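So the structure is just underneath, and the comments pick up after that.
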Amino acid sequence: MKHIFLAGIICISVASCGGDSTTTETKSVADMNPQFDKYKEQFIENLWKIYPGWASSQGYHKYDSILTIPNDAQRTKELEFTKANLDSLKSFDINGLSDNNKTDYHMIDNQLKSLEWSIKEQKSYEWNPSEYNVSGSFAEILNGNYDSLDVRLRNFYLKMTYIPSYYEAAKKNIKNPTLEHTQLAIDQNLGGISVFEVDLHEALNKVHFSEQEKQSIEATAKQSVEVIKDFAKWLDNLKNKTPRSFRLGKELYAKKFEFDIQSGYTADEVYEKALARKKELHEKMFELADKLWEKYMSKVAKPADKLVLIKQVIDKISEKHVKPEEFQSAIEKQMPVLIDFIKQKDLIYIDPSKPLVVRREPDYMAGVAGASISAPGPYDKNGNTYYNVGSLAGWDKERAESYLREYNYYILQILNIHEAIPGHYTQLVYSNQSPSLIKSIFGNGAMVEGWAVYTERMMLESGYENSDEMWLMYYKWNLRTTCNTILDYSVHTKEMSKGDALNLLINEAFQQNAEAEGKWKRVSVTQVQLCSYFSGYSEIYDFRETLKKQEGDKFNLKIFHEKFLSYGSAPVKYIKELMLSEMTKSPK
Ligand code: ZN
Ligand code: ZN
């Protein structure tokens with residue numbers, strides 16, 4: 001999810017809301033919804049003017065031909081925009097808003113403050129050179145099918161004309177960058193050049209432009225490639241004697257956590273929870289692995305080290321997996337099984353009129369992930385939702401075997417729960433029922449990921465594939481999420497070394513070396529995002545347990561799930577607040 005922002009001065013008429021300040025508590029609150037809906041519309045229009053690149057990525061293509069120059073003038077514009085809108089928000093009495101608008105209000109407010117903070121405090125435009133990379137947005141223009149190729153190519157051409165100024169501004173911004181982000185910027189910028197050298201060329205062969213027009217496009221592309229190469233070279237030669245540490249530090253981390261996760265818990269609290277969860281998982285895993293030892297490893301002497309024992313049993317169980325050529329069909333066959341189980345246990349209503357389409361991962365996504373959900377963007381309401389499954393065709397035997405052991409018989413089912421039913425896909429169907437452009441654009445990642453992670457445990461606790469093997473594998477899977485949080489927090493706020501990080505991932509979370517190395521790379525160029533899964537999950541789970549206790553026999557899991565999802569992709573803390581206030585309004 002991108003956190004870019006826009007500026008622009010907005011003049012919103014909120015005069016009609018000003019007069020109610022004398023309203024006393026006993027009076028009913030004025031209905032603010034019509035004005036607020038109008039405000040939101042205007043807000044988004046203005047947002048896209050200041051963030052044209054963001055607009056394009058969300059499927060709003062009016063500004064496709066513009067590339068924003070990341071200079072001081074732009075940042076000033078952005079700050080004016082945030083200030084004006086934070087002022088506008090103040091004129092609405094939140095009590096006069098519907099639940100949908102209340103959460104939208106909070107999300108706009110958070111986004112504006114986050115933007116302001118990132119410009120004034122975080123200042124990653126100075127130390128993270130990988131923020132400067134244009135190829136992705138150009139590739140999107142070529143890959144999109146929202147308009148004719150002619151139109152898209154002409155926008156591509158106009159947008160290219162900004163590239164020299166764009167990188168000029170980037171060079172001016174960069175000060176003592178981190179070495180990790182500098183290297184990432186070099187790799188990614190050079191890696192993206194093929195969009196201008198290869199992809200564009202192929203697209204030009206498909207249209208009937210005049211020779212002259214084609215030539216000026218090719219010439220501008222050539223110049224763009226030179227500019228990008230020059231930027232990479234400039235970074236490579238940068239005299240950076242006092243590089244900044246890639247570790248964010250405690251103070252910035254706490255703030256970023258607050259803005260990005262929007263949890264009811266602080267970063268410290270989530271970290272403590274993750275530590276406790278890791279301990280709990282290790283205990284449960286040992287119990288199961290010890291029990292399973294006889295069944296699988298009876299001929300081998302039991303190791304004394306508990307973690308080693310767990311790992312050996314996991315390795316053995318992982319041998320149960322599908323054949324490479326059956327990977328996609330196995331996933332397809334799973335969908336009706338999951339739906340039947342959910343119906344039988346009465347866990348949540350699944351709308352049969354919106355079936356999920358399982359498809360082979362399209363080529364342009366290849367290599368990104370084994371399985372993922374593609375949802376239509378906010379401006380593409382009738383688009384299909386796809387479950388993209390990577391193909392193992394052409395993989396050598398060893399690589400396929402290692403992949404299939406990772407996504408073995410057990411884990412593959414948990415993956416399907418997470419990505420599809422009742423995880424991401426189901427959540428998406430529900431959130432589309434209370435449409436909110438704000439939530440589509442600013443959707444809370446911790447809620448979305450947290451829900452998917454929550455459903456894994458919920459399904460197993462409801463008796464899905466109830467076996468010791470399944471639980472052991474689930475714990476391993478959950479341990480990954482848990483350790484991601486411990487890793488992210490420890491690396492960015494506690495100076496955790498690479499050696500300690502790898503030890504955590506390999507020996508305590510049972511990961512392969514390659515996976516652990518990849519995670520180290522990821523944590524050194526991102527912050528907080530790795531926490532979103534565990535944060536959201538633990539907040540949802542805790543909330544459910546609290547309600548269960550409060551409601552006793554009256555608690556109904558199906559009602560809880562449907563109600564919880566009805567608020568859309570809002571932060572869990574607001575959903576919780578609204579659900580609790582509704583309960584006090586209508587006592588059982
Ligand atoms: Zn095998
Ligand atoms: Zn997910």
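Restricting attention to the chain, close to 50% of DSSP beta bridges with both partner residues there are antiparallel.
With each label modelled as a point 7 angstrom along the Cα→C-beta vector, the LYS206-ASN513 pair spans 4.3 nm.
Across the range 103-109, computed HN-Hα scalar couplings (Karplus, 6.51 cos²θ - 1.76 cosθ + 1.60, θ = phi - 60°) run 5, 4, 4, 4, 6, 5, 4 Hz from first to last residue, x flagging Gly and Pro.
Per residue, how much accessible area does the range 130-236 have with a 1.4 Å probe, in Å²?
Working: 5350 Å² over 107 residues.
Per-residue accessible area for the range 130-236 comes out at 50 Å².
Accessible area per residue for the range 21-122, computed on protein heavy atoms with a 1.4 Å probe, is 46 Å².
Over the range 254-401, Cα pairs under 8 Å with separation of 6+ residues give a relative contact order of 16 percent. Spatial offset of the range 172-233 relative to the range 403-460 amounts to 36 Å, using the alpha carbon center of each.
Tell me whether the chain comes out rounded, prolate or oblate; compute the Cα gyration tensor, take square roots of the eigenvalues as a ≥ b ≥ c, and use a/c under 1.5 as the rounded threshold. Here the chain falls in the oblate category.
Here's how it looks for VAL358: its modeled amide H is under 5 Å from those of TYR387, which are all 5 or more places away or on a different chain. Counting only Cα atoms, the size of the range 21-122 along its three principal axes is 51, 30, 17 Å, in decreasing order.
Holding the Cα-Cα limit at 23 Å, pick out from LYS120/LYS250; LYS323/LYS521; LYS278/LYS558; LYS250/LYS476 the pairs that are longer than that. Distance filter (> 23 Å) returns LYS323/LYS521; LYS278/LYS558; LYS250/LYS476. Taking each DSSP H run with n ≥ 4 as -39500 (n - 2.57) and averaging over every residue of the chain yields -19500 deg cm²/dmol at 222 nm.
Karplus-derived 3J(HN,Hα) values for the range 460-472, using 6.51 cos²θ - 1.76 cosθ + 1.60 with θ = phi - 60°, are 5, 5, 7, x, 5, 6, 6, 9, 4, 4, 4, 5, 4 Hz; glycine and proline are entered as x.
Take HIS561: with every protein chain present and a 1.4 Å probe, its accessible area is about 0 Å².
For the chain, the fraction of 1.4 Å probe accessible surface lying on carbon and sulfur atoms is 50 percent.
The accessible area of LYS113, taken with all protein chains in place and a 1.4 Å probe, comes to roughly 90 Å².
Rounded to whole numbers, the Karplus 3J(HN,Hα) couplings from phi for the range 264-271 are x, 9, 7, 4, 4, 5, 5, 4 Hz, using 6.51 cos²θ - 1.76 cosθ + 1.60 with θ = phi - 60°, and x at Gly and Pro.
What the range 261-540 shows is 44 Å² of accessible area per residue, with the surface traced by a 1.4 Å probe over protein heavy atoms.
The values are calculated or read from the model by the stated rules, or taken from the named source; none is laboratory data. Quantities reported herein were computed from a predicted structural model and do not represent experimental measurements. For neighbour counting, all protein chains shown are included, and Cβ atoms are generated from backbone atoms with ideal geometry for every residue, glycine included. Only protein heavy atoms, including side chains, enter the accessible area calculation; ligands, DNA and RNA are left aside. Shrake-Rupley method; radii C 1.70, N 1.55, O 1.52, S 1.80 Å.
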